[in-house]
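Okay, so here's the structure we're looking at.
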């Protein structure tokens, strides 16, 4: 692999990273809005997840708890596929 190929690969990785960060930020914002504006038993899990993102030591959270959240509340469609919740 020459230097030009490495530069192209690095640019591709950077673009993919930016796209993933953008999608994650949107999902996080949706979850935050749900936690702040709605009242539901499932939103307790979402609030704990958000708190864990802030301070995982003070607010431990088992990611498999997200499997119990209905599809309508999930900030990341398909999260259950990645967590193997089925």
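A short reminder: the numbers here are calculations on the coordinates, not readings from a lab. Only a predicted model underlies this, so the values are computations on that prediction, with no experimental measurement involved. Every residue, glycine as well, gets a Cβ built from its backbone with ideal geometry; the counts of neighbours run over all protein chains shown.
Quick notes on this one:
- The listed peptides 20-32, 42-54, 1-13, ordered by packing as a protection proxy, come out as 42-54, 20-32, 1-13 (highest mean of other Cβ atoms within 10 Å first).
- Modelled spin labels at residue 28 and residue 67, positioned 7 Å past Cα toward Cβ, are 2.6 nm from each other.
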